[in-house]
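Participant: I have a structure I would like to understand better, so I am pasting it below and will then ask my questions one at a time.
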Amino acid sequence: KLRAVPLTRDEALAFIAQHHRHHGRPVSCLFSVGAALGETVVGVAIVGRPVSRMLDDGWTAELVRLCTDGTTNAPSFLVGRVRRALRVLGYRKLYTYTLPEESGASMRAAGWHCEGLAGGGSWSRESRPRVDKHPTQAKLRWALEVGS
């Protein structure tokens, strides 16, 4: 049976480095939580402030990483724990993003609704060149009402 475990940001980042398909370390972190079977962590969620300044209204958070080792129900378990924690903290809404080729079935099953394509592109600018190590296409933005 899955159980929630507290994780430091560094512990969550170490799990992500080992298991995530296409993203590295997120910058923002309000809190992180793990899912464990026995003593083994099988998934992590990191919640941060919204990356988009337009969404950062003080009442909104972003699920910046959700990563599991494939354990059944771990993603929905983690989203449920994140939602519960955000509700207690007074947040109203949670956003996350997926790649267009990802089905989104688990998102819909957990009560998220798709708001359509958002963002995309490179962070690199002539004045501040960067090497993109992440997918740069537009993403699907998903929203979840946290409640009050």
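Participant: Filter the stretch 48-85 down to the residues that are among the hydrophobic types (A, V, I, L, M, F, W, C) and more than 23 Å from Lys1 (Cα to Cα) and list them by number.
Facilitator: Val51, Met54, Leu55, Trp59, Ala61, Leu63, Val64
Participant: So the check is Cβ under 6 Å with 6+ separation or different chains; which pairs have a first residue in the stretch 75-90 that's over 11 Å from Ala61 (Cα atoms) and a second one that's at pLDDT below 95 and in a helix (DSSP H, G or I)?
Facilitator: Pro75/Ser106
Participant: Return the pair list, or none, for Cβ contacts closer than 7 Å from residues in the stretch 46-65 that are farther than 21 Å from Gly34 by Cβ to residues that are open to solvent by 40 Å² or more (accessible area, probe 1.4 Å) and aromatic (Phe, Trp, Tyr), at least 6 apart or on different chains.
Facilitator: Trp59/Tyr91; Thr60/Tyr91
Participant: Filter the stretch 52-66 down to the residues that are of a type in the set (A, V, I, L, M, F, W, C) and within 11 Å of the chain's Cα centre (by Cα) and list them by number.
Facilitator: Ala61, Leu63, Val64, Leu66
The values are calculated or read from the model by the stated rules, or taken from the named source; none is laboratory data. Keep in mind it's a predicted model, so treat the numbers as computed, not measured. So basically every Cβ, Gly included, is an ideal-geometry build from the backbone, and we count neighbours across all protein chains shown. Heads up: the accessible areas ignore ligands, DNA and RNA and are worked out on the full protein's heavy atoms, side chains in. Shrake-Rupley method; radii C 1.70, N 1.55, O 1.52, S 1.80 Å.
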